[in-house]
Protein chains: 2
Amino acid sequence: MSAEPRRRTGVVDVGGTTMRRSVLEVGPDGEPVLGEVVTEPAAVEPAGAVEQVLAMAEVASRGVDALGVVLPGIVDDASGTGTWSENLGWRDVPFRALVQERVRVPVEVGHDVRAWGAAERRWGAARGLSDVAVVVVGTGIAAALVVDGRPLVAHGLAGEIGHLRVAGDEPCACGGTGCLEAVASAAGIVRQYNAVADAPVRGAIDVADAVRRREPLATEVWHTALDRLSDGLAAMATVVAPEAIVLGGGLARAGEDLFLAPLRSRLAARLRYTPVPDLRAARFAGTGGLIGAACLAARTTEE
Amino acid sequence: MSAEPRRRTGVVDVGGTTMRRSVLEVGPDGEPVLGEVVTEPAAVEPAGAVEQVLAMAEVASRGVDALGVVLPGIVDDASGTGTWSENLGWRDVPFRALVQERVRVPVEVGHDVRAWGAAERRWGAARGLSDVAVVVVGTGIAAALVVDGRPLVAHGLAGEIGHLRVAGDEPCACGGTGCLEAVASAAGIVRQYNAVADAPVRGAIDVADAVRRREPLATEVWHTALDRLSDGLAAMATVVAPEAIVLGGGLARAGEDLFLAPLRSRLAARLRYTPVPDLRAARFAGTGGLIGAACLAARTTEE
């Protein structure tokens with residue numbers, strides 16, 4: 001992870017609903033410059049989604065020095081395997097090998113959230129930290145964990161904090177109940193609000209707007225979600241002791257007053273033994289996966 | 001951690017109430033053989049305790065090739081510093097440097113639970129595992145975490161799972177309430193049982209005996225403790241995804257039927273997304289710190 005990204009890197013961010021590609025260049029000041037981002041809706045069945053990733057990787061590999069591809073779900077970064085994706089339906093797909101067959105530049109394949117973590121460590125809010133968690137609170141909740149300067153992988157299973165059991169019996173997509181992401185993800189907040197509100201909303205930002213207007217139902221759902229999110233962050237902090245937690249994803253867009261500040265006071269109230277980590281907004285709010293893909297690709301120059 | 005321990009290693013295990021020293025030899029079959037264990041009650045005030053550690057280390061260093069010392073509390077393994085011990089009262093004591101001034105053999109100083117984890121990985125129940133947690137459930141509760149084959153340190157703060165918030169409002173020594181070790185440690189079980197029982201007991205094993213006699217109060221305290229312990233182990237497993245959890249400490253002596261088997265079914269019921277780790281009894285029930293001290297000392301041959 002310590003090599004500098006090559007000058008021009010092709011990057012692909014595979015999402016459950018959208019696939020994106022771009023080119024990343026490192027400017028003379030050492031900062032990342034992302035080119036135009038080309039977006040496609042993701043195919044709905046597994047074989048189609050795999051072929052779509054390979055085709056997009058092929059296009060993204062033209063005119064660059066290396067290629068980085070990031071995948072959602074459970075990913076084994078060491079072998080570049082897509083172990084499992086709930087949304088895209090695949091199991092044990094050897095993406096690095098498959099992509100490498102199609103393209104002429106060196107390829108790395110890794111996990112989208114861990115790649116985002118690498119981007120925040122190299123260029124963003126986690127720069128210089130050896131013990132840090134980059135937490136994405138979007139449709140789901142997951143963390144890229146770094147301890148003693150090294151990202152934790154554990155066969156792609158480390159940092160799945162969206163499935164920490166917190167209070168309540170909200171059903172989760174994993175088959176359990178009371179999982180953190182069932183209550184405190186952007187999707188969880190919308191689902192809970194729409195279950196009690198007269199007029200349904202489409203996104204968590206709409207709930208945040210209603211909180212700003214002091215609408216009681218929205219305020220209750222929002223604060224309960226922040227209570228549970230701080231329960232989850234406190235548990236994570238107790239296990240791996242990060243100096244800072246960097247927050248990104250849809251919910252983090254609610255900003256300092258409605259999201260970071262109330263989380264900060266809740267976290268401080270929950271931690272007595274473990275030092276309270278600094279809470280920071282991610283730098284790469286919508287582009288962490290793409291920029292992280294370039295950090296992955298930089299590994300290809302190390303070998 | 002990969003070097004073989006030297007043939008004769010002096011080992012010191014500093015505890016909150018007892019300090020122990022011995023000599024460890026590796027037999028021709030590669031197995032550890034611990035010599036006579038000499039025990040002293042720990043001094044009660046910080047300066048006396050530090051001096052006692054140094055004096056014991058000096059004796060333990062005679063006639064050996066290397067010396068390993070393990071400390072309780074928060075320990076920075078990298079610098080060999082005793083950052084904090086609640087029981088012994090010290091703060092930021094540079095033990096490795098202080099011991100090295102007194103003895104002529106190479107010295108390593110580390111954390112007792114992480115050292116135990118190293119002993120279980122080299123010779124015990126965690127052998128061959130790259131993702132594993134060795135959890136000691138005694139007076140307190142703490143874990144030695146290994147992810148991707150590397151022990152997690154985080155300035156000595158990783159794995160302090162005794163301070164995970166679980167249910168209830170039991171006060172904890174850390175100043176918080178509802179901490180795992182306030183409810184589910186051997187000391188917590190005794191405290192809770194004695195608060196409701198007619199005849200007080202001295203140890204958690206007495207409570208376990210009462211459970212075997214189907215005494216209702218003991219059974220309730222015991223099962224509640226196992227519920228909370230599985231909550232804590234499930235949270236830990238969700239964050240770092242160990243393949244196995246190795247359990248040691250006073251409570252683990254209650255054995256398979258009363259401890260491991262009920263924990264196993266509870267853990268399986270709590271984890272849906274994260275694979276359920278294998279639960280195993282530690283090999284080095286009472287000697288993990290001493291044997292682990294020899295694993296630490298083996299590092300002195302690597303440099």
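About the centre of its Cα atoms, the protein assembly as shown shows a dipole size close to 80 debye [charges on the beta carbon of Lys, Arg (+1) and Asp, Glu (-1) only; nearest 20 debye]. Taking only Cα atoms, what is the 0 to 90° angle, nearest 10, from helix B:46-60's long axis to the longest principal axis of chain B? It is inclined by approximately 60 degrees. Over the range A:156-235, the fraction of Cα-Cα pairs per 10 Å bin, rounded to whole percents and listed from the shortest bin up, is 20, 49, 26, 4, 0.
Could you please report the charge total around B:Pro151, scoring K, R as +1 and D, E as -1 over all other residues with beta-carbon less than 10 angstrom from its beta-carbon? Don't skip to the end; give the middle numbers.
Values: positive: B:Arg114, B:Arg121, B:Arg150; negative: A:Asp148, B:Asp77.
Around B:Pro151, the charge tally is +1.
Remark: the range A:128-281 carries a charge dipole of roughly 120 debye about the Cα centre, counting +1 on each Lys and Arg Cβ and -1 on each Asp and Glu Cβ. Is the range A:12-162 best put as rounded, prolate or oblate by its Cα gyration tensor, with a ≥ b ≥ c the root eigenvalues, rounded for a/c under 1.5, and otherwise prolate when a/b is larger than b/c, oblate when not? Verdict is oblate for the range A:12-162. On the basis of the beta-carbon distance and an R0 of 35 Å, A:Glu25 and A:Asp209 show a calculated FRET efficiency of 0.45. The angle separating the long axis of helix A:186-196 from the principal Cα axis of greatest extent in chain A is about 30 degrees.
When the convex hull of the C-alpha atoms of chain A is computed, what volume per residue in Å³ does it have? Can you show the working numbers first?
Values: hull volume 39.6 nm³, N = 303.
Here the figure is 131 Å³ per residue.
Please give the direction-averaged projected area of the C-alpha convex hull for the protein assembly as shown, in square nanometres with one decimal. Walk me through the numbers on the way to the answer.
On the way: hull surface 119.6 nm².
Averaged projected hull area, Cα only: 29.9 nm².
A straight line joining the Cα centroids of the range A:34-80 and the range A:225-247 runs 31 Å.
Looking at the range B:152-303, I'd like the Rg to Rh ratio, where Rg is from alpha-carbon atoms and Rh is Kirkwood's inverse mean 1/r. Present the calculation step by step, with values, prior to reporting the outcome.
On the way: Rg = 16.7 Å, Rh = 16.7 Å.
Taking Rh as the inverse mean 1/r over Cα pairs, Rg/Rh reads 1.00.
Taken together, the values in this text are just the output of simple stated rules run on the coordinates, not laboratory data. All figures in this text were calculated on a predicted structure; none of them were measured in a lab. A quick note on method: Cβ atoms are made from the backbone with ideal geometry, for glycine too, and the neighbour counts reach across all protein chains shown.
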